[in-house]
Structure formats: C-alpha cells, structure tokens
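Below is one structure, written out as structure tokens, with a few remarks after it.
Taken together, the values in this text are just the output of simple stated rules run on the coordinates, not laboratory data. Note that the structure is a prediction, hence the values are computed from the model and not measured. Cβ placement follows ideal geometry from the backbone for every residue including glycine, while neighbour counts extend to all protein chains displayed.
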Protein chains: 2
Amino acid sequence: MDRRQIKTRTAIYDALTRLLRKYRFEEITVQQIIDEANIGRSTFYSHFETKDRLLEQMCNEMFSHVFSDTLAPEKSHDYSKNHEDKRALLEHILYHILDHKENIRSIMNGESEKIFTRYFTEYLESAFGEVIVHMDVDVPDDFKKQFVIGSFIHTVKWWIARGLKEKPEKIIDSYMKCLPGKNE
Amino acid sequence: MDRRQIKTRTAIYDALTRLLRKYRFEEITVQQIIDEANIGRSTFYSHFETKDRLLEQMCNEMFSHVFSDTLAPEKSHDYSKNHEDKRALLEHILYHILDHKENIRSIMNGESEKIFTRYFTEYLESAFGEVIVHMDVDVPDDFKKQFVIGSFIHTVKWWIARGLKEKPEKIIDSYMKCLPGKNE
DNA sequence: CATTTTATCGAACAGAGTGTTCAGAAACTT
DNA sequence: AAGTTTCTGAACACTCTGTTCGATAAAATG
C-alpha cells in the first residue's frame, strides 16, 4: 500500500479519535475531521464514502483486534473446557478492552455502541453458546443465552461507562458470582 | 389548550409513528413529517424546536405512561414487600409495554432506545434499589444493582426486538429463575 | 354576533453541511 | 527520468435546517 494512503488514513483515524474526546460523533462534521487531519476535502472522500463509513471501519478494526487472538480455534477450545479457563478468557477480553482505554469510552456513544454490541454478541455466542446451553437452569435455551451474554455485555458497558476503574479480575469475579446455576 | 394545537400535535405524533414503521428515525426528514402530517412548515417549528426534541417529547409521554401508575408510592410499597408482588409488578410493566406494541418496536432504534433505557433504569432503581441490595450475593452493592437491573432491561429489549411473542408471565418467570441468590 | 386573540399556512430566505469534479502539484515506482 | 498514483483545494450543485412574515382561518371572549 502506498505510504501516502497509509499516512492519510492514520491521519484521519487520529483526527477522529482526538475529536471524539471533545465532541459526540453526531456533532462532528467532515470539515472538522479534514481540518484536524490536515488533508484535502477530496482526499477524505476518496478514502471513505461517508462519515458513518469511517466510524464503521474504525470500529471494525478496533473491535476485531479486541476479539481477535482470543478466538483462535485452538485457544477457544481450551478456554471453554473448565471453569477457570472460562474465567481467564473473560478476563483476557477485559484486558484487551483496557488496551484501548483512550478510545473506547468516547467511541462508546451513539451508533458505535451498536457495532461493539454486535461484535461482542457474535463473539460470545460462538465462544460460549455451547457451554451456556449446558448450564443448569430451567429456562429455554435462547433465553439462557440472551441472559448470560446480555448481562455480561451490559456489565462490560457499565464498567467502561464508569471509567474502567475496577480491575478485570474483580469484574469477572462479581459477574460469575451473579450467574445462575452450577456452571463449573 | 387550543383545539388546533391538539390537532396538529397529534397529527405530528401520528405522522412520525407512521413513518417510523418504514424508516429509521435518523433518515426521516422534517419535511417528510410535515408532508405526512399535512401541516405547514412553520407550524411544525412552532411546536417543536427540532426533530430530536419531537422524538424526546414523544418518548417521554409514552414511557411516562408505561411506568406511571405502577410507581404510585402506596403501590410500590406493596409490590416490593414479597416475592410474588415483585413478580406481579414486573409482569405489570411488560403488559404496559404490550399496550404500545405498535409503536414500541419502531421507536426502539437509535436515540430513542437510550431514552427508554434511562427511564427504565431510573424507575427500577427507585422501585427495587433497596430490595436488590438485600439480595444474598457476595458482590458490591453497585455491581449487584447494575446486574439485576441491567439484565432485566436487556431481557425486555430482547423480548421487544423479537416481536413480543412470549407471554409476560413466561418472560418474568425465566428472568427470575436466572437471578442469583435467595431473593424471596 | 362582533371582536379580539391565537394558530396555521406557505413561500422565501440564509446558512450549514454533504458529496462530486477536475486540473495541477506532489509523491511514489521502476 | 518517465510514468503512475495520490493529494490538493477551489468551485459547484444539492439537501436539509430553522427563521421570518404577511395573509388567512379558527377559536375564545364578552
């Protein structure tokens, strides 16, 4: 890839990241991004069709990184085997989120939250779907799934919204204590 | 209030409701609302400052109705007393949501979802905050609250997103089975 | 019923933002 | 050095927003 393209691309990403610390995504204009990134107007549009596509791609890169290596098939196999490994995987995810501390809070408003949730749900579904079904609670399978996954994602969002203060271990510990049934 | 005002107001509400069945809120323009409602442009703006304020007020009316009579101080006192009454209150809320079946699904996208969540959280917080703290799980109080309330709201959203197919009793039953600790 | 008050209408307007185009400058490749 | 690709930025057409104002219609008042 041409160096120039990489340069403008990262310039745009960085600009948006910086702007997101001050403004909500909805109130940021393309012109602001262009000025902050120090690029020409037509350059922006040759990289991204719209402002929304930019956000989408930025989120995709970010979230795919957050969930990437944890889902390597060999690893996920190990993880879901027993209680302690599940705990380790969940903690691992939180640490990955912690890596993006700077971005994640400002990104976590409006449309981007949905992208995050979609990614997260798909990921947890594929990593834990099977395990959850085998949990010992007398409710329909689909309900069980939505409850366990939904409450986890909600917990993570809560953790992020409050500034990622608590240690991942603490969050996962509390979360698992709140889960129903014997899920060892 | 002037009859004319009431007429335009409901015309606008109805128009937006109808449009929301076909388009997402973000892609609806003021002009579309005006045309659909058959009113003059300046009339719209004499009623609502912006499109967002319209949505906000519409949601406020709707959600305050959903949560209104269930939170009458005397009643909530009864409700949180014992296990069965809590169940009854939760079911009651779902039935109220069911009353708005037509609107609620289309409204439940984008910005309006946040208004719903805010209302819902505040309500549950005030109705059950005390009760939750006394639940027998060894996690911090604030975590306990966010988990119990968050997972309930998520469950309700899940129920709505799938078309409110299940009976309220069924949803509440499953939900309570998933809750941790002895909360009788 | 006549009068006064208030709401609606709609065209016209200014302003902000979007996304496109294009010719020349600048940077990369071979 | 020549050829290719990307960047630049001004200019443009468009869409949507929110305001203004005089004319018209409807409601409230006495």
Site B:Asp138, offset 7 angstrom along Cα→Cβ, radius 20 Å on amide nitrogen, limited to the stretch A:142-184, gives A:167-184
Rounded to two decimals, what is the ratio between the C-alpha radius of gyration of the protein assembly as shown and 2.2 N^0.38 Å?
1.11
Find every distance from the label point of B:Thr10 to the corresponding label point in the other copies (7 Å from Cα along Cα→Cβ) and write them in nm, one decimal, shortest first.
6.1
Select the chain B residue whose beta carbon lies nearest to the rotation axis carrying chain B onto chain A, and write the distance in whole Å.
B:Ser151, 2
Rounded to the nearest Å, what's the spacing between the alpha carbon centres of the stretch A:103-163 and the stretch A:1-41? Just the number, please.
30 Å
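For chain B, what ratio Rg/Rh do Cα atoms give with a Kirkwood hydrodynamic radius?
1.05
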Kindly provide the trypsin sites (Lys or Arg not before Pro) of the stretch A:1-36 that DSSP labels as loop, not H, G, I, E or B, and whose Cβ sees at most 15 other Cβ atoms within 10 Å.
A:Arg24
Please give the helix A:3-22 orientation as an angle from the longest Cα principal axis of chain A, in degrees from 0 to 90, rounded to the nearest 10.
70 degrees
Roughly how many nanometres apart are two label points built 7 Å out from the Cα toward the Cβ at A:Glu111 and B:Lys170?
3.6 nm
Taking the alpha carbon gyration tensor of the stretch B:99-153, what are the square roots of 5 times its eigenvalues, largest first, to the nearest whole Å?
27, 11, 9
Using only Cα atoms, find the angle between the long axis of helix A:83-99 and the longest principal axis of chain A, and express it within 0 to 90 degrees, rounded to the nearest 10.
20 degrees
Residue-count net charge about A:Phe48 - beta-carbon cut-off 10 Å; Lys, Arg +1, Asp, Glu -1:
0
If I model the stretch B:3-48 as equal point scatterers sitting on the Cα atoms and use the Debye formula, what is log10 I(q)/I(0) at q = 0.21, 0.26, 0.31 Å⁻¹?
-0.62, -0.91, -1.19
What do you get for the angle between helix A:51-67 and the principal long axis of chain A? Use alpha-carbon atoms, 0 to 90 degrees, nearest ten.
40 degrees
A:Glu102 paired with B:Glu130, simple spin-label distance in nm, labels 7 Å along Cα-to-beta-carbon
4.8 nm
Work out the mean other chain Cβ neighbour count within 10 Å for the residues of B:143-155 and drop it here as an integer.
6
Virtual spin-label span in nm between A:Gln32 and B:His92, 7 Å along Cα→Cβ
4.4 nm
Label point 7 Å beyond Cα along the C-beta direction, distances from A:Thr50 to other copies (nm, shortest first):
1.8
